[in-house]
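The values are calculated or read from the model by the stated rules, or taken from the named source; none is laboratory data. For clarity, every value in this text was computed on a predicted model and none was experimentally measured. Virtual Cβ from ideal backbone geometry, glycine too; neighbours counted across all protein chains shown.
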Amino acid sequence: MAGGTVVAATDAQLSARPGVYALGLHLDRSLQLDVGALGKIAFPAGDYLYVGSAWGPGGLAARVQRHLRGGTVRHWHIDALRAVATPVALWLVPESREECAWAQQLLALPGARIPAPRFGASDCRCPTHLIFFETIPPAATLLAGAQFVQLNLNVPTCEGADVGTWTRANV
């Protein structure tokens, strides 16, 4: 599992209510990954935002904690990328159903690219719910109205580099 244990997201920040979230991930090096039905996909090194929703038992807390822990069981597309990428940030809005609107908003930002068509979007008509940035915009300008959670990792990434743009001066 890339990046080790996440220590900053508290239970108070991760509500058991349902809602929408965006998970910021940093990938240290370019990789090709098998993403289930999507097949093999080349992921460039850089920063990613994955937009998801949590309407099942445990709401946002259960879903986000699963993503932060990582693991070997792959249920969603994001599980393949999460196995090799480091979580660096979260945006949360309990009770929101704006998952597709968030994905579209992020895709409209300068420098946003689709790294994997249909990634995370098998249950909607969006082109993707995973957005890639070589240079990420400042965290404060992303997803207005969402609660931002800076994730601090207690171990360095696999190459010993900084965790990602959100943990540097851009926040």
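Selection of the stretch 134-164 for residues being among the β-branched types (Val, Ile, Thr) and at pLDDT below 50 yields VAL155, THR157, VAL163. Considering the conditions (1) surrounded by fewer than 24 Cβ atoms within 10 Å (Cβ to Cβ); (2) part of a strand (DSSP E or B); (3) of a type outside the set (Val, Ile, Thr); (4) under 12 Å from the mean Cα position of the chain (by Cα), TYR21 is excluded by exactly one of them, (1).
Looking at the stretch 39-143, the strands (runs of 3 or more DSSP E) lying wholly inside it that each contain 2 or more residues that are crowded, with 18+ Cβ neighbours inside 10 Å and small (Gly, Ala, Ser) sit at 46-54.
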